[in-house]
Amino acid sequence: QVQLVESGGGLVQPGGSLRLSCKASGTIFKVGTMGWYRQAPGKERELVATIARDGTMKYAESVQGRFTISRHNAENTVDLQMNSLEPGDTAVYLCNAVALTSMYSSITQYWGQGTQVTVSS
């Protein structure tokens, strides 16, 4: 099994910054694409950003130019630097990764428990 543990959420004023981190641990052969999703109250979960193992990045249009995703393959970590935060960014942010637990296993998707980000004055 693979566990994803997030950190770095909190309360920030509009225009402020936060950095989220996520580490994958457990029985890992290889971690593929990692990413961040978010879910606000009463809304569906939405993609924020993803980064493939080769560094290819994808961003939601709403965060393009404000958020930056990065990863460290050797440590199985993914970070999300969030700048110019807006009240509309308030949500629970969830780490996501696809991984192999052995060279014979199938690719499985994993989720973290989530970390709250609140943007408010």
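The values are calculated or read from the model by the stated rules, or taken from the named source; none is laboratory data. The shown structure was predicted, so the numbers you read here are calculated from the model rather than taken from an experiment. Because the Cβ atoms are built from the backbone with ideal geometry, glycine has one as well, and the counts that use them run over all protein chains shown. Side chains are part of the model used for accessible areas, which takes the heavy atoms of the whole protein and leaves out ligands, DNA and RNA. Shrake-Rupley method; radii C 1.70, N 1.55, O 1.52, S 1.80 Å.
Considering only the range 56-75, how many residues are in a loop (DSSP other than H, G, I, E, B) and either within 16 Å of residue 19 (Cα to Cα) or open to solvent by 30 Å² or more (accessible area, probe 1.4 Å) (or both)?
Of all residues in the range 56-75, those in a loop (DSSP other than H, G, I, E, B) come to 56, 60-66.
Checking the rest, the ones that are also either within 16 Å of residue 19 (Cα to Cα) or open to solvent by 30 Å² or more (accessible area, probe 1.4 Å) (or both) come to 56, 61-66.
Of the residues in that region, 7 qualify.
Give the range 76-90 a look and list any residue that's in contact (Cβ under 8 Å) with a residue 60 or more places away in the chain and part of a strand (DSSP E or B), or say none.
Once the filter is applied, which keeps residues that are in contact (Cβ under 8 Å) with a residue 60 or more places away in the chain and part of a strand (DSSP E or B), the range 76-90 yields 79, 80, 81, 82.
Taking residue 39 as the residue in question, decide whether it is within 24 Å of residue 121 (Cα to Cα) and in contact (Cβ under 8 Å) with a residue 24 or more places away in the chain.
So residue 39 fits the description; yes.
Can you tell me how many residues in the range 21-44 are among the hydroxyl-bearing types (Ser, Thr, Tyr) and in contact with a Lys or Arg (Cβ under 6 Å, 6 or more places away or on another chain)?
Result for the range 21-44: 1.
Hey, any hits in the range 27-34 for a residue that's within 13 Å of the chain's Cα centre (by Cα) and either in a strand (DSSP E or B) or at pLDDT 95 or above (or both)?
Within the range 27-34, one or more residues are within 13 Å of the chain's Cα centre (by Cα) and either in a strand (DSSP E or B) or at pLDDT 95 or above (or both).
Could you run through the range 76-104 and say how many residues are surrounded by 20 or more Cβ atoms within 10 Å (Cβ to Cβ) and either of a type in the set (A, V, I, L, M, F, W, C) or out of contact with any Lys or Arg (no Cβ under 7 Å at 6 or more places or on another chain) (or both)?
Residues in the range 76-104 being surrounded by 20 or more Cβ atoms within 10 Å (Cβ to Cβ) and either of a type in the set (A, V, I, L, M, F, W, C) or out of contact with any Lys or Arg (no Cβ under 7 Å at 6 or more places or on another chain) (or both): 11 in total.
Can you find even one residue in the range 24-35 that is under 17 Å from residue 113 (Cβ atoms) and of a type in the set (Phe, Trp, Tyr)? Break it down into steps so the answer makes sense when it comes.
Pass one, the range 24-35, residues under 17 Å from residue 113 (Cβ atoms): 24-26, 34-35.
From what is left, the residues that are of a type in the set (Phe, Trp, Tyr) are none.
No, there is no match, as no residue in the range 24-35 is under 17 Å from residue 113 (Cβ atoms) and of a type in the set (Phe, Trp, Tyr).
Could you tell me which numbered condition residue 29 fails, if it satisfies all but one of (1) over 20 Å from residue 4 (Cβ atoms); (2) open to solvent by 50 Å² or more (accessible area, probe 1.4 Å)?
Here residue 29 clears every test but (1).
Considering each residue of the range 13-26, count those that are part of a strand (DSSP E or B) and either open to solvent by 20 Å² or more (accessible area, probe 1.4 Å) or closer than 18 Å to residue 53 by Cβ (or both), and give that number. So that I can check it myself, show each step before the final result.
Keep residues of the range 13-26 that are part of a strand (DSSP E or B), which gives 18-26.
Filter once more, keeping what is either open to solvent by 20 Å² or more (accessible area, probe 1.4 Å) or closer than 18 Å to residue 53 by Cβ (or both): 18-19, 21-26.
Counting residues in the range 13-26 that are part of a strand (DSSP E or B) and either open to solvent by 20 Å² or more (accessible area, probe 1.4 Å) or closer than 18 Å to residue 53 by Cβ (or both) gives 8.
Between a first residue in the range 105-121 that is under 17 Å from residue 13 (Cα atoms) and a second residue that is among the aliphatic types (A, V, I, L, M) and not in a strand (DSSP E or B), which pairs have beta carbons less than 9 Å apart while being 6 or more apart in sequence or on different chains?
Qualifying pairs under 9 Å: 117/85; 119/85.
Enumerate the pairs (first residue in the range 1-24 and farther than 15 Å from residue 78 by Cβ and at pLDDT below 95; second residue anywhere and open to solvent by less than 60 Å² (accessible area, probe 1.4 Å) and part of a strand (DSSP E or B)) with beta-carbon separation below 7 Å, excluding pairs fewer than 6 apart on the same chain, so at least 6 apart or on different chains.
These pairs meet every condition: 1/26.
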